[in-house]
Amino acid sequence: MAIKSITDLDLQGRRVFIRVDFNVPLTPARGVADATRIRESLPTIKYAIERGARVILASHLGRPKGKPNPEYSLMPVAAYLAEALGREVVLADEPVGDGAKKVVADLREGGVALLENLRFSPGEEANDEQFARALASYADVYVNDAFGTAHRAHASTVGMIKFVSAKGAGLLMEREVKFLSRLLGEVERPFVAIIGGAKVSDKIEVLENLLGRVNALLIGGAMANTFLKAKGGQLGRSLLEDDKLALARAFLRKAEDRGIEVVLPRDVVAAAGIKAESGKVVSAMNVPEDLAALDIGPETARSFADVIAKAKTIFWNGPMGIFEIPAFAEGSTAIAKAMAEATGKGAITIVGGGDSLAVLAKTGLAGKMSHCSTGGGASLELLEGKVLPGLAALAS
Ligand code: ADP
Ligand code: MG
């Protein structure tokens, strides 16, 4: 796929429409709770400003379901952005319409406007042509920097592009694609993937696609419970998917046929429920009837860390336990630490997934990874081997 970079495009004096991913969590007082995604898009925005573009930014936020709703206004984002850029950011009061048109028309070279939440219109998610044409009418150049939305074929990620003459990827988009697609090509070995989180069903396609590529696959979190039960384990009251046991069994058989090591937890931290102050370390294959496995155990965490220490390429998606509760966060923390150390020794370390990034934020180790993906679903779909519509639409 040949995709131009923003650095290949002529921006001077032109209206440059940048689809960004400002879908950030907000605080109850309507401030930005986690600005990672905004910060990550700053290099692209600054690049366009420095080149004398008239910058039009557009994003969705939350799920307002096609209707204007002040709860989902991009106002807090505009305030954060103005502060971060040290310049005025004019927020249009709607995604398209006379107000938006005027804001765009008033833009000077190096000026920045932000359209209101794209999902205030039903046309965005429906990829409606009229809405797409309205967005395109604001743009001489289209740039997509919203990797987190690249797996969706919406008006701002796909529909509008054919109505704009110049198009390309932003700097964040390029970085995301570069790091993640590296995992699907030639990698430095050993290549290890650590997959956790809640459900096998969410991630089976990623597991299948990675199986042919990795040297070892480490599985933790609630997803491991399904695999452990598929192997005949007693899982007590652990969260698992009884309807995915056959799938799990077939997967393990396939891995064995191919000689790929799938490592499951040997011990787990079990408790009666999430209200427990602490858990009890038990055998992963033998969780007491009244308890649930809520984290990988210390022996498992050590053995996973050993595998990580020897790897040259490491991908992690999905926490090893209910990391939201400190008593069950140690397994996930151990993985984060082992990866940080591996980065220090020259390994390529890549993390994807909203909750996995939350683990890194809690442990303060996000900066110690080679790459943290801003796209949860998008990163998984890319690793499933799917073509992301937002990327396909950028190709010429
Ligand atoms: P990501 O967002 O990184 O892709 P997921 O959304 O797949 O990760 O999974 C994260 C969720 O899985 C977390 O809310 C975590 O509490 C939960 N989880 C992990 N391990 C367990 C477990 N053993 N039992 C119950 N929930 C778990
Ligand atoms: Mg999640």
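The values are calculated or read from the model by the stated rules, or taken from the named source; none is laboratory data. What you are looking at is a predicted structure, and each value in this text was computed from that prediction instead of being measured. Glycine also receives a Cβ, built like all others from the backbone with ideal geometry; neighbour counts cover every protein chain displayed. SASA here: full protein model, heavy atoms, side chains in, ligands and nucleic acids out. Shrake-Rupley method; radii C 1.70, N 1.55, O 1.52, S 1.80 Å.
Residues that are within 11 Å of ligand 1 (Cβ to nearest atom) and either in contact with a His (Cβ under 8 Å, 6 or more places away or on another chain) or β-branched (Val, Ile, Thr) (or both) occur at least once in the stretch 263-271.
For the stretch 355-383, the set of residues classified as part of a helix (DSSP H, G or I), surrounded by fewer than 23 Cβ atoms within 10 Å (Cβ to Cβ) and either away from ligand 1 (no atom under 11 Å from the Cβ) or on the phi > 0 side of the Ramachandran plot (or both) consists of Ala361, Lys362, Thr363, Ala366, Gly367, Lys368, Glu381, listed by residue number. Of the residues making up the stretch 85-108, those that are open to solvent by less than 40 Å² (accessible area, probe 1.4 Å) and assigned to a helix (DSSP H, G or I) are Leu85, Gly99, Ala100, Val103, Val104. Taken together, the residues in the stretch 56-82 that are more than 17 Å from Glu124 (Cβ to Cβ) and over 25 Å from the mean Cα position of the chain (by Cα) amount to 1.
So that you can scan it fast, the table gives a plain yes or no per residue for (1) acidic (Asp, Glu); (2) crowded, with 16+ Cβ neighbours inside 10 Å; (3) in contact (Cβ under 8 Å) with a residue 40 or more places away in the chain; (4) assigned by TED's automatic domain parsing to the domain that holds Glu289:
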position	(1), (2), (3), (4)
Ser201	no, no, yes, yes
Asn225	no, yes, yes, yes
Asp242	yes, no, no, yes
Leu245	no, yes, no, yes
Ile260	no, yes, yes, yes
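If you go through the stretch 344-354 and keep only what is open to solvent by 40 Å² or more (accessible area, probe 1.4 Å) and closer than 17 Å to Pro319 by Cβ, you end up with just Gly354.
In the set Glu129, Glu186, only one residue is surrounded by fewer than 22 Cβ atoms within 10 Å (Cβ to Cβ), out of contact with any Ser or Thr (no Cβ under 9 Å at 6 or more places or on another chain) and assigned by TED's automatic domain parsing to the domain that holds Ala329; that residue is Glu186.
In the stretch 336-354, which residues are away from ligand 1 (no atom under 11 Å from the Cβ), closer than 21 Å to Ser181 by Cα and not aliphatic (A, V, I, L, M)? Hits for the stretch 336-354 are Thr343, Gly346, Thr349.
Entry remark, the stretch 87-126: residues being in contact with a Phe, Trp or Tyr (Cβ under 8 Å, 6 or more places away or on another chain), of a type outside the set (A, V, I, L, M, F, W, C) and in contact (Cβ under 8 Å) with a residue 60 or more places away in the chain number 1 in total. Within the stretch 202-237, the set of residues being in a helix (DSSP H, G or I), within 12 Å of ligand 1 (Cβ to nearest atom) and touching an Asp or Glu at 6+ places or on another chain (Cβ under 6 Å) comprises Val206, Thr226.
On inspection, Ala347 passes the criterion of being under 22 Å from Phe191 (Cβ atoms) and out of contact with any Leu (no Cβ under 9 Å at 6 or more places or on another chain).
Residues that are open to solvent by 40 Å² or more (accessible area, probe 1.4 Å) and more than 11 Å from Asp295 (Cα to Cα) within the stretch 328-342 comprise Lys337, Glu341, listed in sequence order.
Applying the set (1) assigned to a loop (DSSP other than H, G, I, E, B); (2) in contact with a strand residue (DSSP E or B) (Cβ under 9 Å, 6 or more places away or on another chain); (3) closer than 23 Å to Tyr47 by Cβ to Leu135 leaves exactly one unmet item: (1).
Of all residues in the stretch 178-206, which are more than 16 Å from ligand 2 (Cβ to nearest atom), touching a Phe, Trp or Tyr at 6+ places or on another chain (Cβ under 9 Å) and of a type in the set (A, V, I, L, M)? The answer is Leu180, Leu183, Val192, Ala193.
Residues that are assigned to a helix (DSSP H, G or I) and either at pLDDT 95 or above or not charged (D, E, K, R) (or both) within the stretch 6-38 comprise Ile6, Thr7, Asp8, Thr36, Ile38, listed in sequence order. Looking only at the stretch 291-299, decide whether some residue is away from ligand 2 (no atom under 16 Å from the Cβ), loosely packed, with under 14 Cβ neighbours inside 10 Å and assigned by TED's automatic domain parsing to the domain that holds Ala378. No: the stretch 291-299 contains no residue that is away from ligand 2 (no atom under 16 Å from the Cβ), loosely packed, with under 14 Cβ neighbours inside 10 Å and assigned by TED's automatic domain parsing to the domain that holds Ala378.
Taking the criterion of being open to solvent by 10 Å² or more (accessible area, probe 1.4 Å) and away from ligand 2 (no atom under 16 Å from the Cβ), the residues of the stretch 312-327 that qualify are Lys312, Pro326, Ala327.
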